[in-house]
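A.B. asks: Handing you this structure, nothing more for now.
The values are calculated or read from the model by the stated rules, or taken from the named source; none is laboratory data. Everything quoted here is computed from the prediction, not taken from an experiment. Ideal geometry is used to build each Cβ from the backbone, glycine not excepted, and the neighbour counts take in all protein chains shown. These accessible areas exclude ligands, DNA and RNA; they are computed on the full protein's heavy atoms, side chains included. Shrake-Rupley method; radii C 1.70, N 1.55, O 1.52, S 1.80 Å.
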Amino acid sequence: MNIILDKLDSKNIMSAKLWIEDGSRNDPKDKKGIHQLLSSTMLRGCGPYNNKQIAEIVENCGAYLNCDTYEDGLLISLKCVETDAYKLLPLIGWLITKPLLQIDQLELEKDLTIKAIKRQQESTYQLAFDGWRKMVYGDGPYGHDPLGSIDDIKKINKEHILPIASSLIHRKKNLVISGKFPINLKNYIENSIEFKVISNHNKAFKNINKIETLSKQRSNICTRSLNTKQVILLLGKATIRYDNKSDILLRLLSCYLGYGMSSLLFKVLREKYGVVYEAGIYHPIREKQTPFIMHASTSEEKGVITLQLLKECWEKIINSEISPEELDLVKIKYRGQMAHSLQSISQRAEHKAHLLGIGLTKDHDKEIIQRLESITSKEIKDAANRYLKNPLLSVCSNKEVIRKIFKDWKA
């Protein structure tokens, strides 16, 4: 386990973030959601503590302890005052080495997860995104939400989860602690009973779901018909790894297209034509094939023109170079976006743990900022041509609107 200490003057508050490699992308194909169930059930008992005892320990310290499932990994989060570090950090060790996984608690988490999936399915945007994701990634590791599927969740039992839980000891882990913490904390972690078992297991963990090059898509449009007057449009591509040298070029394009009121999507779709309720870019950090998506919500009367304007914006970044003035503004936006995302000690710890977890260095951001000045408009256009041609469309609306949009898309 790699341990990084990030000392900051934070008025006796510390934030610990432990990133464990491979999250929902490593769910077996017939057990989508198993990592989500594991991460949530771990918190309901580990080591010598049952569900109520863990809750009492954390609450009595006024602390926060959680475990989240992402596509690329599991993230255990702890936030507490410096004086409670020795009392609470052992819980993180127990979560990994000795989760109790009691059947009654597992069944409770299954029920809560199914309810969360049902709530998610009430979102028109989520349905459109699920359609796009399925069309692009298929049954691959990025093809489903970390929450999983209801049918698979119902089938999962303790016997299925135990081997996944046992594998956590062997997976690569990066623990980042930011803020104010005891001087000898690293030595304590490396020698404590709860963490020593983890330290002694450094074998590489094999991902059972290999992430391979995407196969050629059978269709470039996915539609979902609902009884609604709303129209959700998602236009996007699966692109490159976050550690690819060209990733920063696509990040700058994200800022150009969707960050702030000076962004292209806002100026075209809101200010000039007034056709959308909301528009933006979805371009998260991913270890492998990162989605790059323009999204917009509009009314049924404006669905076709909104799609046409989205396509024009997409074609513009492929066919035209950003002006020098726009490029300067985009670089300022990117720096601001990065600074805004690292304001708190929790954000700093999580970002560093995430970067380390996907194979980058803790100084990756500094390297990107240094490179930023030399990036040209031509480089950005070349990256758009290389990675963003032939986007795929997902639409969620009523049958009549879908018919019109489908006709326009195929024209």
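A.B. asks: At a 10 angstrom cut-off on C-beta neighbours, averaged per residue, how do the peptides 4-15, 172-183 rank from highest to lowest? If you can, show how the numbers build up before the last one.
C.D. replies: Numbers: 4-15: 16.1, 172-183: 21.8.
By packing density, highest mean first, the sequence is 172-183, 4-15.
A.B. asks: For the chain, with a Gaussian network of springs between Cα atoms less than 10 Å apart, report the residue from T228, T69, T290 with the top mean-square fluctuation.
C.D. replies: T228
A.B. asks: Taking only Cα atoms, what is the 0 to 90° angle, nearest 10, from helix 51-60's long axis to the longest principal axis of the chain?
C.D. replies: Rounded to the nearest ten degrees, it is 90.
A.B. asks: Follow-up. Report the Cα centroid-to-centroid distance between segment 168-189 and segment 34-66 in angstrom, as an integer.
C.D. replies: That distance is 18 Å.
A.B. asks: Taking only the alpha carbons of segment 11-95, what extent do you get along each of the three principal axes, in Å, biggest first?
C.D. replies: Answer, in whole Å and largest first: 44, 27, 16 Å.
A.B. asks: Could you work out [θ]222 nm for the chain from helices alone, using -39500 (n - 2.57) per DSSP H run of at least four and dividing by all its residues? Round to the nearest 500 deg cm²/dmol. Working shown, then result.
C.D. replies: Details: 16 runs with 185 residues, N = 411.
The per-residue figure over the chain is -14000 deg cm²/dmol.
A.B. asks: In addition: Per the 1.4 Å probe, what fraction of the accessible area of the chain, in percent, lies on carbon and sulfur atoms? Don't jump to the answer; show the numbers that get you there.
C.D. replies: Numbers: 9690 of 19240 Å².
Heavy-atom surface of the chain belonging to carbon and sulfur, 1.4 Å probe: 50 percent.
A.B. asks: DSSP loop GluC sites (Glu not before Pro) in segment 349-394 with at most 12 other Cβ atoms within 10 Å of their Cβ, which ones? Write down the numbers at each step before the final one.
C.D. replies: Working: sites: E350, E367, E373, E379; in loops: E373.
Listed in order of number, the matching sites are E373.
A.B. asks: I need the P(r) histogram for segment 38-88: all alpha carbon pairs, bin width 10 Å from 0 out to the longest distance, whole percents.
C.D. replies: The calculated distribution, bin by bin, is 23, 54, 21, 1.
A.B. asks: Go through segment 342-411 and name the trypsin sites (Lys or Arg not before Pro) that are in a DSSP coil and have 14 or fewer other Cβ atoms within 10 Å of their Cβ. If you can, show how the numbers build up before the last one.
C.D. replies: Details: sites: R348, K352, K362, K366, R371, K378, K381, R386, K389, K399, R403, K404, K407, K410; in loops: K362, K389.
For trypsin sites (Lys or Arg not before Pro) across segment 342-411 that sit outside H, G, I, E and B with at most 14 neighbouring Cβ atoms in 10 Å, the list reads K389.
A.B. asks: Ranked highest first by average number of other Cβ atoms within 10 Å, how do 294-300, 283-289 line up?
C.D. replies: Details: 294-300: 21.1, 283-289: 18.7.
The packing order, highest mean first, is 294-300, 283-289.
A.B. asks: Based on C-alpha coordinates, I'd like the Rg and Dmax of segment 70-137, in Å.
C.D. replies: Both quantities, over Cα of segment 70-137: 17.6, 50 Å.
A.B. asks: Moving on. Using alpha carbons only, what's the Rg to Rh ratio of segment 129-189 with Rh from Kirkwood?
C.D. replies: On the way: Rg = 18.5 Å, Rh = 15.7 Å.
Rounded to two decimals, Rg/Rh equals 1.18.
A.B. asks: Angle between the Cα long axis of helix 399-410 and the longest principal axis of the chain, 0 to 90 degrees, nearest 10?
C.D. replies: 70
A.B. asks: Related question: Based solely on C-alpha atoms, express the radius of gyration and the Dmax of segment 1-155 in angstrom.
C.D. replies: Rg then Dmax for segment 1-155, in Å: 17.2, 50.
A.B. asks: Which GluC sites (Glu not before Pro) in segment 37-135 pass both tests, a DSSP loop state and at most 13 other beta-carbon atoms within 10 Å? Can you show the working numbers first?
C.D. replies: Values: sites: E56, E59, E71, E82, E107, E109, E122; in loops: E71, E122.
The qualifying sites are E122.
A.B. asks: May I have the convex hull volume per residue, in Å³, for the Cα set of the chain? Please list the in-between numbers first.
C.D. replies: Numbers: hull volume 61.5 nm³, N = 411.
Convex hull of Cα atoms, per residue: 150 Å³.
A.B. asks: Hey, which of these cross-link pairs are over 30 Å Cα-Cα: K115/K407; K79/K172; K229/K311; K17/K333?
C.D. replies: Values: K115/K407 36 Å; K79/K172 22 Å; K229/K311 22 Å; K17/K333 27 Å.
Pairs exceeding the cut-off: K115/K407.
A.B. asks: Below 8 Å, C-alpha to C-alpha, sequence gap of six or more: please give me the relative contact order for segment 253-368 in percent. Spell out each step's value before the answer.
C.D. replies: Details: 96 pairs, mean separation 20.8, N = 116.
Reported relative contact order: 18 percent.
A.B. asks: Let me ask you something else. What does segment 65-190 give for Rg and for Dmax, in Å, if only its C-alpha atoms count?
C.D. replies: Using the Cα atoms of segment 65-190, the pair Rg, Dmax is 17.9, 51 Å.
A.B. asks: Give the accessible surface of the chain per residue, rounded to a whole number of Å², with probe radius 1.4 Å and ligands, DNA and RNA excluded.
C.D. replies: Normalised by residue count, the accessible surface of the chain is 47 Å².
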